[in-house]
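Have a look at the structure below, then the notes.
What follows is calculated from the coordinates using simple rules that are stated; it is not laboratory data. The shown structure was predicted, so the numbers you read here are calculated from the model rather than taken from an experiment. Because the Cβ atoms are built from the backbone with ideal geometry, glycine has one as well, and the counts that use them run over all protein chains shown.
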Amino acid sequence: MADVAALAERLTSARTAVTAIPQLSDDTPGLDLDTGYAVQRLLREGRGELIGWKLGVTSRAKQVQVGVDAPIRGFLATDHVLDHGEPLVVAEHIKPRCEPEIAFVMGADLSGPHVTTTEVLAATGGVAAGIEVIDSRYTDYRFTMPDVVADNASAGRYVIGSPVPVQGIDLKLVGVVLEHNGEVIATASGAASLGHPAAAVAWLVRSLAADGEGLRRGDVILSGGLTAATPVAAGDSIVVTIDRVGSVELACR
Ligand code: OOG
Ligand code: MG
């Protein structure tokens, strides 16, 4: 049996010291997915109030980038939030990378083991363009799936634009443009995340049901990076624009 508390402590120390560590599985051979989620649950206790959830590795581009081939989930707490116009302080992170995401703001509670994409859309209060700043606590983003689950799916910070109603927008078809220092470096459509961003949220809800949890009205959900993530340094700027959903920008200092 892995010592879940000791593993969580290693990750917390890496985050607070802004120093990468080797993946846990290097010296914890039995590390499985359940243990990874148990470590993640412990990390939650040491963070701010729960704001919502994030999907991870839901797109082909992300799967290729990190070598994990199935979706995972993490939590978002108050200390993950960047407000509009608030810069990312690069020195507070180990190796930050930015990725474009479609954010959902829930208009109603939603839980259950059989929740569908249609039910997610019906419970959605609004959608917004999002930038997630991921930051692996593991050296050079080298991890197995249980490792990255334990590390809260590499959650760092995030910022979202103003939410708009989802009615009338086909999130599968919306175009997504990622700009880094004024240059378009990647493009995608909403379908990149599990075929439909709301399908990714439905997967999240079913996955949470297995742990007796669900979404609450007002929760923010990052529905998964749509392109490969781009490394950022102090002085950089990131802009994400999503057709009919809006745009959001982030300055790094
Ligand atoms: C894993 C984090 C995945 C996403 O949107 O796919 C994630 C990683 O890339 O380190 O946030
Ligand atoms: Mg992400």
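Assorted remarks:
- Filtered by the rule that a residue be within 27 Å of Val248 (Cα to Cα) and within 15 Å of the chain's Cα centre (by Cα), segment 150-164 gives Asp151, Asn152, Ala153, Ser154, Ala155, Gly156, Arg157, Tyr158, Val159, Ile160.
- Test: residue in segment 232-253 that is closer than 19 Å to Val57 by Cα and not aliphatic (A, V, I, L, M): no
- Residues considered: Val174, Val205. Of these, the only one that is more than 17 Å from Gly56 (Cβ to Cβ), more than 14 Å from ligand 2 (Cβ to nearest atom) and of a type in the set (Val, Ile, Thr) is Val174.
- For segment 52-67, the set of residues classified as of a type outside the set (Lys, Arg) and more than 7 Å from ligand 1 (Cβ to nearest atom) consists of Gly52, Trp53, Ala61, Gln63, Val64, Gly67, listed by residue number.
- Number of positions in segment 136-175 that are crowded, with 20+ Cβ neighbours inside 10 Å and either closer than 19 Å to Leu215 by Cα or of a type outside the set (S, T, N, Q) (or both): 23
- Top-ranked residue of segment 95-104 - restricted to ones that are of a type outside the set (Gly, Ala, Ser) and either crowded, with 20+ Cβ neighbours inside 10 Å or free of Cβ contacts under 8 Å to residues at least 40 places away in the same chain (or both), ranked as farthest from Arg137 (Cα to Cα): Phe104
- Scanning segment 132-163 for residues that are away from ligand 1 (no atom under 11 Å from the Cβ), touching a helix residue (DSSP H, G or I) at 6+ places or on another chain (Cβ under 7 Å) and not in a loop (DSSP other than H, G, I, E, B) yields a count of 3.
- Given (1) surrounded by fewer than 24 Cβ atoms within 10 Å (Cβ to Cβ); (2) more than 16 Å from the chain's Cα centre (by Cα), number of the condition Val39 does not satisfy: (1)
- Where strands (runs of 3 or more DSSP E) sit wholly within segment 166-253, those with at least 3 residues that are within 15 Å of ligand 1 (Cβ to nearest atom) and on the phi < 0 side of the Ramachandran plot occupy 220-222, 237-242.
- The set of residues from segment 88-132 being within 16 Å of ligand 2 (Cβ to nearest atom) and either of a type in the set (Gly, Ala, Ser) or closer than 18 Å to Ser162 by Cα (or both) comprises Glu99, Pro100, Glu101, Ile102, Ala103, Phe104, Val127, Ala128, Ala129, Gly130, Ile131, Glu132.
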